[in-house]
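The values are calculated or read from the model by the stated rules, or taken from the named source; none is laboratory data. The structure displayed is predicted, hence computed values, not measured ones. In this analysis, Cβ positions are derived from the backbone assuming ideal geometry, glycine residues included, and neighbour counts consider all displayed protein chains.
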Amino acid sequence: MVADEVLVGVIIHPFIDGNGRTARLATKVLLAALGIDTFPLFSFESYYSRNVSRYFREVGLRGNYYEQKETVDFTPWLEYFSDGIIDEMLRVGGELETTSASPERTLQSHHQAILDHLGRHGFIADRDYAQLTDRAKATRALDFGRLIEQGLIERHGRGKNTHYRLKH
């Protein structure tokens, strides 16, 4: 499949409904085959929904495609489509920045105390952490859990032998 085939699908409109969605899906498959897999990141639908009047202006060819195929200028459509990719990538990038800077992802001083202790001693148990902070036992367990969830430490042992090490 080449890009012109995707665009032709939009111009020809072989279906009563769903031509644009079909063309956008085909485009995402084409991009993925070229190494630009946007499937887990976004859907083109949100961009087109926000820009519906421009969408219809850009794909609004009328008449028989076969009579127009030699004079069809895909430039406006390609510019619009490229704007959509850029817009969605910027939106996703902004969301990633917000997510990575969220309080859930930010290490607090008590988390850093755990990591510092691990850097000096190689392991830490709850009793060690209790000496570093005045946090309650249940809260200390949550602190260890957060660092495990973030992939920074791992749990070893069971019961009173439970200790934590930096994840390699």
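Overview of results
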{"item": "Residues of the range 115-146 satisfying the condition of being of a type in the set (A, V, I, L, M) and in contact with a helix residue (DSSP H, G or I) (Cβ under 6 Å, 6 or more places away or on another chain)", "result": "ILE124, LEU132"}
{"item": "Residue tally, condition of a type in the set (Asp, Glu) and either at pLDDT 95 or above or in contact with a Gly (Cβ under 8 Å, 6 or more places away or on another chain) (or both), over the range 144-168", "result": "1"}
{"item": "Single unsatisfied condition, GLU70 versus (1) in a helix (DSSP H, G or I); (2) at pLDDT 80 or above; (3) assigned by TED's automatic domain parsing to the domain that holds THR38; (4) loosely packed, with under 14 Cβ neighbours inside 10 Å", "result": "(1)"}
{"item": "Scope the range 99-135; condition closer than 14 Å to LEU147 by Cβ, over 26 Å from the mean Cα position of the chain (by Cα), of a type in the set (D, E, K, R) and at pLDDT below 95; matching residues", "result": "ASP116, ARG135"}
{"item": "Yes/no for VAL29 being under 21 Å from LEU90 (Cα atoms) and either in contact with a strand residue (DSSP E or B) (Cβ under 6 Å, 6 or more places away or on another chain) or modelled with pLDDT of 80 or more (or both)", "result": "yes"}
{"item": "Failed item, numbered, when PRO76 is tested on (1) without any contact (Cβ under 8 Å) to a residue 24 or more places away in the chain; (2) over 30 Å from PHE39 (Cα atoms); (3) in contact with a helix residue (DSSP H, G or I) (Cβ under 6 Å, 6 or more places away or on another chain)", "result": "(2)"}
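The rows are residues; the columns are (1) touching a residue at least 24 places away in the same chain (Cβ under 8 Å); (2) in a helix (DSSP H, G or I); (3) surrounded by fewer than 14 Cβ atoms within 10 Å (Cβ to Cβ).
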residue	(1), (2), (3)
TYR129	no, yes, no
ASP134	no, no, yes
ALA138	no, yes, yes
PHE144	yes, yes, no
LEU147	yes, yes, no
GLY151	no, no, yes
LYS160	no, yes, yes
TYR164	yes, no, no
